[in-house]
1. Would you compute the Debye intensity of region 35-110 from its alpha-carbon atoms alone, equal scatterers and no solvent, and pass along log10 I(q)/I(0) at q = 0.11, 0.18 Å⁻¹ to two decimals?
2. Report the label-to-label distance for LYS146 and GLU44 in nanometres (one decimal), using points 7 Å from each Cα along the Cα→Cβ vector.
3. For ASP110, enumerate residues with amide H under 5 Å from its amide H, sequence gap 5+ or separate chain, H modeled in the peptide plane.
4. Once you have the Cα-Cα distance between GLU75 and ALA91, take 0.36 nm times their residue separation minus that, and quote the gain in nm to one decimal.
5. Count charges around ALA145 for me, please; just the other residues with Cβ under 15 Å from its Cβ, Lys/Arg as +1, Asp/Glu as -1.
6. Hey, what number do you get for the chain at 222 nm if only DSSP H runs of n ≥ 4 count, each worth -39500 (n - 2.57), divided across all residues, to the nearest 500?
7. Take the alpha carbon atoms of region 100-220, find their radius of gyration, then divide it by 2.2 N^0.38 Å using N residues; give the quotient.
8. Based on the Cβ-Cβ distance from VAL177 to ASP130, what FRET efficiency comes out when R0 is 35 Å, to the nearest 0.05?
Amino acid sequence: MNLLMLGPPGAGKGTQAEHFAKARGIPRVSTGEILREAVHSRTEIGRRAKAIMDRGELVGDDVMIGIVRERLEREDTRNGFVLDGFPRTVAQASALDTIMRGRDPLIVIDIVVPEAELVRRLGTRLICDDCGMNAPIAGGAAACAKCGGKLVQRADDNQAVVIERLKVYHRQSEPLVEYYRVRPTFRSIDGAQPPDRVAEDLAAAIEAANHQAVRHGAPR
Ligand code: ADP
């Protein structure tokens, strides 16, 4: 099961990807998380990416494609993976198609959420300063449920940067919906529902898309 999650920032890709990957016992590959880890541990890529991320812009295609190519070569992705945050440009999508040659087809799920709801979610979301986990919006918790760390607003979730990230999404990432829509393994789901309802719709959409993939003679 090679799953790709599309959707604007705040659509819930990360939450759903994490949940699904855990349930299936396959790795979740989140480029946002890989970059935040690189920033945290002050690697060369992390230092360069930080300024770009803080402005709400995209890290260069070559860097991102390199990161994902290397990650998908690792043995633990052989039985499947959930990709979240990549591709974000058509150039990245086309590189991903090359990386995927000879592997099972991508199941592509687009999570659709109205703009006003995205702005609301991103403005109120908290993450753990230590482990990076998203805290439930309605939770009102003071500390991270996973590691007890301090909950903080993500550096790129302040209002000015959120507006920029949504603009960048419309300009650079939304064209991906058209790129993938023609494939029999593409589905959209309604992300403006409680997380467990979204998870149910996601599971059903994946089931249907996977069925199509098999019918189209994909190598299983
Ligand atoms: P979001 O909540 O916007 O979905 P992510 O956690 O996926 O955020 O990504 C955070 C930031 O990391 C992005 O705004 C961008 O600067 C950078 N980033 C993540 N993935 C990519 C990518 N595939 N290409 C370019 N930049 C990326």
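1. -0.31, -0.80
2. 2.9 nm
3. Residues meeting the criterion, in which the H sits 1.01 Å from N, are LEU6, ARG187, SER188, ILE189.
4. My answer for the length gained is 3.2 nm.
5. Values: positive: LYS22, ARG125, LYS146, LYS150; negative: GLU18, ASP129, ASP130.
Around ALA145, the charge tally is +1.
6. Working: 9 runs with 105 residues, N = 220.
Counting only the DSSP helices, I get -14500 deg cm²/dmol.
7. Numbers: Rg = 17.6 Å, N = 121, 2.2 N^0.38 = 13.6 Å.
Rounded to two decimals, the normalised Rg is 1.29.
8. Values: r = 35 Å, r/R0 = 0.99.
Working from the Cβ atoms, E equals 0.50.
Read-outs: derived from the displayed coordinates by stated rules, not from any lab. Because the structure is a prediction, the values reported are computed rather than measured. With ideal geometry, Cβ positions are generated from the backbone for all residues, glycine too; neighbour counts draw on all protein chains shown.
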